[in-house]
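Worksheet: the structure to be examined is printed underneath.
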Amino acid sequence: MKWFVGAAASASLIALTSCGSRETTAEEDRAAAADAVVAAGVPAAETAPDYSDPLRQLAWNELGEKTIRAKLRDPEGATFRNTKFFSGGGTPTTCGEVNAINGFGGKIGYQRFFAVGDTMAVIESEMADGEMNIMWARLCK
């Protein structure tokens with residue numbers, strides 16, 4: 001089953017930013033985007049898979065790392081650490097740190113990442129300053 005988190009989050013953002021009469025702050029916009037991502041990935045309670053099984057969590061983490069690797073220039077050169085499974089926000093998420101290889105062949109240093117299965121994967125350098133902190137607090141704690 002695929003979750004269309006990105007499309008739902010985008011639609012939610014458009015709806016959130018286009019309604020209402022007052023201007024929102026950048027912080028409010030980022031918080032609303034984070035809420036939309038969390039809400040979009042939550043399946044109905046009766047259909048939600050049970051992620052309490054450690055083997056299922058391990059498989060989910062492996063899928064998350066694979067999804068992050070697919071975004072990198074040198075997938076085999078990436079190293080991961082502190083990879084953990086979270087579902088506190090209702091969305092099963094892999095969070096951790098990745099050290100990837102840049103275009104010059106050198107390591108870029110560890111950066112935080114989160115991945116929602118194979119539907120969404122984000123590395124800290126892809127986000128504006130402060131956005132990863134908001135997403136991390138919502139998905140990875």
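List of remarks:
- Modelled label positions at residue 129 and residue 70, each set 7 Å beyond Cα in the direction of Cβ, lie 3.3 nm from each other.
- Footprinting exposure proxy for 94, 83 (fewest neighbouring C-beta atoms within 10 Å first): 83, 94
- Label-point separation in nm, residue 82 to residue 62, each point 7 Å along Cα→Cβ: 2.5
- Taking amide H as placed 1.01 Å from N in the peptide plane, residue 83 has its amide H under 5 Å from the amide H of 97, each at least 5 places away in sequence or on another chain.
Bear in mind these aren't lab numbers, they're just calculated from the coordinates by the rules spelled out. Here the structure is a predicted model, which means the values were calculated and not measured. Every residue, glycine as well, gets a Cβ built from its backbone with ideal geometry; the counts of neighbours run over all protein chains shown.
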